[in-house]
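Just below is one structure, and these are the notes that go with it.
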Amino acid sequence: MIILVAILLLLAALVGAPLFVILAAMALLLFVESGTATVVLSEEHYKLATNPHLITIPLFTFAGFVMAHSKAADRLVAVSRALLGWLPGGLAIVVVATCAFFTTFTGASGVTIIALGGLLLPMMIKEKYPEDFSLGLITSSGSIGLLFPPSLPIILYGIVAGVSIDELFIAGVLPGALMMGVLAAYALYVGGIHKVKRTKFEAREAVRAIKAAWWELMVPAVVLISIYGGFVTIAEASAIAALYVLCIEVFVTKDIKLFGKEGEHNSLSTVIRESMVMVGAILLILGVALGLTNYLVQEEVPMQILGFIEAHVESKLTFLILLTIFLLIVGSLMDIFSAIVVVVPLITPIAAQYGIDPVHLGIIFLANLELGYITPPVGMNLFISSLAFDKPVLTLYKTTLPFLFLLFLALLAITFWPDLSLIFIR
């Protein structure tokens, strides 16, 4: 019976049933089969709701959506072009930097591609960048930024794994910079080869652009100074960030209409609805995924996996190679939030047996899932770009392959060079 139901759930997933429905049904089926009261699912939702860090998810998400619905992207692109446009491939570096900024606040949810793609792709093609390169760069940059504070996946990982979120924030800076640097270096190469259009650096124009985007440029500084200055907790910093961004975009730049009509792109009611729909989806997935995780722990599945691995995998090196392959597959099949909740409790005790630092493991995990978004055949950003740019998904497979290869090299450095993550905290 249980096998038949599992097959039906798999078929439901293949035809597009919501992920939280599949996870909830699996958890209920397994708990009933093991004779455990199904009230445990409600208990997991309660534990999630009482976690002190949970409030950061809706607040940082709201801040990201406010900026995505405003003209912040235009101003940030103008700053980047004024500062970097003189470089061969300068506009491509602008794409990487701007996408990283947005993804830091929205997560690798596809919002970055949707919010910036329509602006950046025509600009790149106009300046004579190859279309395939432009599509591949924007799609690949849609998940760049996950390792920088105040990334939502970092916060969630810290909650689930019981690891210091402050340490994860610090540990992600250099690996995140490496991944951005790899893409920037490739952009310089392509820009030089194709002799793309460059803009002369003008100090006056740079100052003007910085002044126009000053308030948005200060968002990361406001968050980081408030946290690492010892003034507030991370939860309080998320509230400060949301209030700061709201006040700037409503009262200073006036991009967001406080009393705009529902459905208008720049109406505050539209921003609230869209951001909270996303948050609601995340919390539903987290709640049922935690219930499924509870079953796995109850049945000692991690210990059984550990026993199997210890019997067949002798070295830390081999384990890290297998972990990388496994996480790339997971990242291409699951969204990052459910992957964190389902997979992290399974791998943390195993990694500990091989002496892998828990903070380093977190950076490895998130870097792998960052690549998973552009890993064929079902990386989420591939399909989002396909819809956003009206291109066949097979075209996106081809255009993202060079970027996937380069980011994979960076991933190997992050995985096998722990000091890159731990140099500032150990």
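The values are calculated or read from the model by the stated rules, or taken from the named source; none is laboratory data. Keep in mind it's a predicted model, so treat the numbers as computed, not measured. FYI the Cβ positions are ideal-geometry reconstructions off the backbone, even for glycines, and counts take in every protein chain you see.
State which residue is farthest from GLY172 (Cα to Cα) when the search covers only the stretch 91-112 and only residues that are modelled with pLDDT under 80 and in a helix (DSSP H, G or I). Show your work before the answer.
Taking the stretch 91-112 as the starting set, the residues that turn out to be modelled with pLDDT under 80 are 102, 105-112.
After this cut, where a residue has to be in a helix (DSSP H, G or I) as well, the list is 102, 105-106, 111-112.
Values: PHE102: 16, PHE105: 15, THR106: 17, VAL111: 21, THR112: 20 Å.
Checking each candidate, the answer is VAL111.
Does ALA388 satisfy the criteria of being in a helix (DSSP H, G or I), small (Gly, Ala, Ser) and surrounded by 23 or more Cβ atoms within 10 Å (Cβ to Cβ)? Spelling it out, it is not the case that ALA388 is in a helix (DSSP H, G or I), small (Gly, Ala, Ser) and surrounded by 23 or more Cβ atoms within 10 Å (Cβ to Cβ).
Could you please find all residues in the stretch 252-271 being in a loop (DSSP other than H, G, I, E, B) and basic (Lys, Arg)? So that I can check it myself, show each step before the final result.
Looking only at the stretch 252-271, we keep the residues that are in a loop (DSSP other than H, G, I, E, B), and these are 253-256, 258-266.
The answer is LYS254, LYS261.
Residues that are within 20 Å of the chain's Cα centre (by Cα) and modelled with pLDDT of 70 or more are absent from the stretch 246-264.
How many residues does the stretch 159-184 hold that are over 15 Å from ALA367 (Cα atoms) and part of a helix (DSSP H, G or I)? Steps first, please.
First, pick out the residues of the stretch 159-184 that are over 15 Å from ALA367 (Cα atoms): 159-167, 184.
Going one step further and asking which of them are part of a helix (DSSP H, G or I), we end up with 159-161, 165-167, 184.
Result for the stretch 159-184: 7.
Restricting to the stretch 85-95, name every residue that is of a type in the set (A, V, I, L, M) and crowded, with 22+ Cβ neighbours inside 10 Å.
Just the residues of the stretch 85-95 that are of a type in the set (A, V, I, L, M), to begin with: 87, 91-95.
Within the stretch 85-95, LEU91, ALA92, ILE93, VAL94, VAL95 qualify.
Just one of the numbered conditions (1) under 16 Å from the mean Cα position of the chain (by Cα); (2) part of a helix (DSSP H, G or I) is not true of PHE319: (1). For SER238, the stated conditions hold: it is of a type outside the set (A, V, I, L, M), closer than 21 Å to ALA171 by Cβ and within 22 Å of the chain's Cα centre (by Cα).
Of the residues ASN381, ASN368, which is buried (at least 18 other Cβ atoms within 10 Å of the Cβ) and at pLDDT 90 or above? Result of the check over ASN381, ASN368: ASN368.
Quick one: which of TYR397, TYR354 is touching a Pro at 6+ places or on another chain (Cβ under 8 Å) and modelled with pLDDT of 85 or more?
Details: TYR354 fails: touching a Pro at 6+ places or on another chain (Cβ under 8 Å).
Answer to the selection: TYR397.
For the stretch 393-426, taking the residues that are surrounded by 16 or more Cβ atoms within 10 Å (Cβ to Cβ) and out of contact with any Leu (no Cβ under 8 Å at 6 or more places or on another chain), the one that is farthest from HIS360 (Cα to Cα) is identified as PRO402. Residue pairs whose Cβ atoms lie under 8 Å apart, separated by 6 or more positions or on different chains, with the first residue in the stretch 185-214 and surrounded by 13 or more Cβ atoms within 10 Å (Cβ to Cβ) and part of a helix (DSSP H, G or I) and the second modelled with pLDDT of 85 or more and among the hydroxyl-bearing types (Ser, Thr, Tyr), are VAL190/TYR129; GLY191/TYR129; HIS194/TYR129. Could you list all residues from the stretch 138-154 that are among the hydrophobic types (A, V, I, L, M, F, W, C), at pLDDT 85 or above, in a helix (DSSP H, G or I) and over 18 Å from ILE347 (Cα atoms)? Within the stretch 138-154, ILE138 is the sole residue that qualifies.
Sub-6 Å Cβ pairs linking a first residue in the stretch 23-43 that is in a loop (DSSP other than H, G, I, E, B) to a second residue that is among the aromatic types (Phe, Trp, Tyr) and surrounded by 13 or more Cβ atoms within 10 Å (Cβ to Cβ), at least 6 apart or interchain, are THR38/PHE31, ordered by first then second residue. With the structure loaded, tell me whether LYS211 is modelled with pLDDT of 85 or more and touching a strand residue (DSSP E or B) at 6+ places or on another chain (Cβ under 9 Å) or whether it fails that test. Taking the combined requirement at face value, the residue does not satisfy it. Restricting the stretch 123-137 to residues that are assigned to a helix (DSSP H, G or I) and charged (D, E, K, R), the residue that is nearest to LEU394 (Cα to Cα) is ASP132. Taken over the stretch 346-374, residues that are part of a helix (DSSP H, G or I) and among the aromatic types (Phe, Trp, Tyr) amount to 1.
Residue-by-condition table, conditions (1) modelled with pLDDT of 75 or more; (2) β-branched (Val, Ile, Thr); (3) in contact with a His (Cβ under 6 Å, 6 or more places away or on another chain); (4) surrounded by 21 or more Cβ atoms within 10 Å (Cβ to Cβ):
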site: LEU11; (1), (2), (3), (4): no, no, no, no
site: MET26; (1), (2), (3), (4): yes, no, no, no
site: VAL39; (1), (2), (3), (4): no, yes, no, no
site: HIS45; (1), (2), (3), (4): no, no, no, no
site: LEU54; (1), (2), (3), (4): yes, no, no, no
site: PHE62; (1), (2), (3), (4): yes, no, no, yes
site: PHE65; (1), (2), (3), (4): yes, no, no, yes
site: VAL79; (1), (2), (3), (4): yes, yes, no, yes
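For the stretch 166-179, taking the residues that are surrounded by fewer than 22 Cβ atoms within 10 Å (Cβ to Cβ) and not small (Gly, Ala, Ser), the one that is nearest to the chain's Cα centre (by Cα) is identified as VAL173.
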